[in-house]
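To keep things clear, I will list the structure first and then write my remarks on it.
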Amino acid sequence: MNQELQELVSILRESENIVFFGGAGVSTESNIPDFRSANGLWNEKLKINFTPEQLVSHTFFVKYPEDFFTFYKDKLIYPDAKPNAAHIALAELEKMGKVKAVVTQNIDGLHQAAGSKVVYELHGSVLRNYCMDCHAFYDEKFILQSKGIPTCPLCGGRVKPDVVLYEEGLDNEIIRGAIQAIANADTLIIGGTSLVVYPAAGLIDYFNGKNLVLINKSETAADRRADLVIHEAIGEVFSQVMAAIK
């Protein structure tokens, strides 16, 4: 084990209030690619190539719902994905009383699948879907099995994923919970995110604790602020440190 990982082991051992803030890099190790790396969608009628960001915008959902769901079902829902070593480690650290909350930009529900109880999903979840008219709940299987635009069997309304689309605001209650958790933490571990998506990336400014740890394959804008920076795969990092802690 190298010096950086040994330092992380020491931090985890001494910390009593850890918050983990994660992004797409946590899910990629469960074979869920970052949707922004996907190809856009060519619209023959309009002669326009829409970018992935445009395809998951509120405007696109309203104006071109069929194209929206084609992209959404293909690129954002991965029913066979399983929690990886990072998800499992964070759930174990929560059971040990060390991790108090997970703040995630991911929408796949894998933190909860691994056993984490306190999870603030900044961008919502593909596992939850609601009728826009009668608010009936539907799971991701309903969306995947629907043809064309998912409609509510109860009232005929359009069913919308409980995912924060581009142009939509984040949930205030979830933001407040995440800010409070980060502000109270003695250690903040940031993993699998390049910290470029705002307002989520700005949440780290609320951290006033002792240890700021960054785990990401590439450099981020916050590397200089961190007490410990590890440029390795996050699942491998957690596998090694958890083996040392147990």
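The values are calculated or read from the model by the stated rules, or taken from the named source; none is laboratory data. Not measured: the values here are computed from a predicted model. Counting neighbours? That spans all protein chains shown, and the Cβs are built from the backbone with ideal geometry, glycine included. Ligands, DNA and RNA are stripped out before the accessible areas are found, and what is left, the full protein with its side chains, is counted by its heavy atoms. Shrake-Rupley method; radii C 1.70, N 1.55, O 1.52, S 1.80 Å.
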Exercise for review: State yes or no: is residue 49 farther than 26 Å from residue 177 by Cα and without any contact (Cβ under 8 Å) to a residue 12 or more places away in the chain?
Suggested key: yes
Review point. Quick check, is residue 53 modelled with pLDDT under 95 and exposed (fewer than 12 other Cβ atoms within 10 Å of the Cβ)?
Key: no
Check your understanding: What are the residue pairs meeting all of these: first residue in the range 80-106, first residue touching a residue at least 12 places away in the same chain (Cβ under 8 Å) and farther than 13 Å from residue 26 by Cβ, second residue among the basic types (Lys, Arg) and not in a loop (DSSP other than H, G, I, E, B), Cβ atoms under 8 Å, and 6 or more apart or on different chains?
Key -> 94/100
Practice item. Check whether at least one residue in the range 109-129 is under 30 Å from residue 202 (Cβ atoms), buried (at least 19 other Cβ atoms within 10 Å of the Cβ) and of a type in the set (Val, Ile, Thr), and report yes or no. Key: yes
Point to revise | Cβ pairs under 9 Å, 6+ apart, first in the range 148-175 and without any contact (Cβ under 8 Å) to a residue 12 or more places away in the chain and more than 24 Å from residue 55 (Cβ to Cβ), second assigned to a loop (DSSP other than H, G, I, E, B) and of a type outside the set (Ser, Thr, Tyr) | key: 153/136
Exercise for review: Check the range 94-108 and report whether any residue there is at pLDDT 95 or above, closer than 30 Å to residue 246 by Cα and of a type in the set (Ser, Thr, Tyr).
Suggested key: yes
Review point. Is at least one residue of the range 15-35 more than 17 Å from the chain's Cα centre (by Cα), open to solvent by 40 Å² or more (accessible area, probe 1.4 Å) and without any contact (Cβ under 8 Å) to a residue 12 or more places away in the chain?
Key: no
Review point. So residue 112 clears everything in (1) in a helix (DSSP H, G or I); (2) in contact with a helix residue (DSSP H, G or I) (Cβ under 7 Å, 6 or more places away or on another chain) except one condition, right? Which one?
Key: (2)
Check your understanding: Is at least one residue of the range 171-182 modelled with pLDDT of 95 or more, within 13 Å of residue 103 (Cα to Cα) and among the polar types (S, T, N, Q)?
Key -> yes
Exercise for review: Identify the single condition in (1) crowded, with 21+ Cβ neighbours inside 10 Å; (2) in contact (Cβ under 8 Å) with a residue 60 or more places away in the chain that residue 68 does not satisfy, given that it satisfies every other one.
Suggested key: (2)
Review point. Checking residue 107 against (1) touching a Lys or Arg at 6+ places or on another chain (Cβ under 7 Å); (2) in a loop (DSSP other than H, G, I, E, B); (3) of a type in the set (Val, Ile, Thr), which single condition isn't satisfied?
Key: (1)
